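What follows is a single structure, written as structure tokens, with notes after it.
What follows draws every value from the coordinates through simple rules; no lab data is involved. Just so we're clear, the structure is a prediction, and the values are computed from it rather than from any experiment. Please note: Cβ atoms are built from the backbone with ideal geometry, for glycine as well, and neighbour counts cover all protein chains shown.
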Amino acid sequence: MLDSWRLRRNLGLGLAVLLLMLVVIAPFYWIFSSSVKAPQEIIAQVPTLFPQSFTLQHYDNLLQSSAFPTYLVNSAIVAVLTMIITIVLSSLAAYGLYRMRFPGSDFLFRIILITYAFPGILLLVPLYEMLSSIGLIDTRWALVIVNVTFAAPFAVWMLQAFFRSVPYELEEAAALDGASRLRIMVRIMLPLTAPGIASIAIYAFITSWTEYMFASILIISDANRTVPVGLAGIIGQYQVDWGLLLAGATVTTLPVLLLFGLVGRNFVDGLTAGAVK
């Protein structure tokens, strides 16, 4: 009786996991498979699960006859700079807040969490005026500043769990050997909190890579547009080049998949560790 119940439970869990995988993977498969279909097959009344007319013309048009490569380079530069700056700033801030206790540290911690209680669109006007006053409108640095502004508070909050898990005795031993605070953080804290660093790196990269609202407002010229804004421009008023749009969506997912392939294991470990510490 018990074995039969366990079998039904395992079968139900397996079906649930399979259904979840289908829900998650199906859209990506549909985008990729449609990006290699001929235009007539994409808009056919009866959709095809597998491409009946394989073609790479959409990718050729995307990379040769459109400004998408420029958008891709802009997004890569903005995302990488956002990731690096977020890692540096959040690591220093988290170490200062949670390992160097000082009056007001708890208040600053609450202020960091409060920043996520308000929609980001409320900061659109003041951020625009600030960036305009220093001449950064229509520059990639404007997007980097905005993305770091929204990614850093969450990164600081996530890193506090990892820094708190490192025993103080390690820092005391390093301090007795003459190591400075900065050296302790770089040589001891960061290697021991690698899963947390990987987690905030992926978070900052994806946040910047997919950001649309500020990129559509702060960037004016076509030469500085990012991928989300560029893909939105493919959708015309009277017609949509679905093949070009699907090819662009496929290429857009590749950097994220590559990043997950490189540090995805640390990302999962970081989320798991942060949940229990």
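Note the full-extension length gain between N61 and V88 as 0.36 nm times their separation in residues minus their Cα-Cα distance, in nm to one decimal.
Using 0.36 nm per residue and subtracting the Cα-Cα distance, I get 5.8 nm.
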For segment 1-155, build the convex hull from the C-alpha positions and give me its volume per residue in Å³.
259 Å³
Please compute the modelled spin-label separation between A175 and V256, points set 7 Å along Cα→Cβ, answer in nm with one decimal.
4.3 nm
Span-rule helices in the chain, defined as complete DSSP H runs reaching 24 Å or more along the axis (Cα) with Kyte mean at least 0.0
2-35, 68-98, 140-165, 242-276
Checking the a/c ratio against 1.5 first, then a/b against b/c, what shape does the Cα gyration tensor give for segment 1-82?
oblate
Sort T250, T226 so that the residue with the fewest other Cβ atoms within 10 Å of its own Cβ comes first and the one with the most comes last.
T250, T226
Between L108 and L22, what is the FRET efficiency for a Förster distance of 51 Å, r being their Cβ-Cβ separation, to the nearest 0.05?
0.70
Efficiency of FRET between W141 and V46 - r from beta-carbon atoms, R0 41 angstrom, step 0.05:
0.25
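Once Rh is set to the Kirkwood radius over Cα pairs, what Stokes-Einstein translational diffusion coefficient, in µm²/s, holds for the chain at a temperature of 4 °C and a viscosity of 1.567 mPa s? Don't skip to the end; give the middle numbers.
Values: Rh = 22.0 Å.
D, rounded to a whole number, is 59 µm²/s.
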Hey, could you grab the Kirkwood Rh for segment 166-212? Inverse mean 1/r over distinct alpha carbon pairs, Å, one decimal.
12.3 Å
Gyration tensor on Cα atoms of segment 171-267, a ≥ b ≥ c root eigenvalues, a/c under 1.5 rounded, else prolate if a/b beats b/c, else oblate, says prolate
Rounded, prolate or oblate (a/c below 1.5 giving rounded, otherwise prolate when a/b exceeds b/c) for segment 77-229 by Cα gyration tensor
prolate
Starting from the Cα-Cα distance between S53 and S165, subtract it from 0.36 nm times their residue separation and give me the gain in nm to one decimal.
34.8 nm
Restricting attention to segment 92-164, which trypsin sites (Lys or Arg not before Pro) occupy a DSSP loop and are surrounded by at most 10 other Cβ atoms within 10 Å?
R101
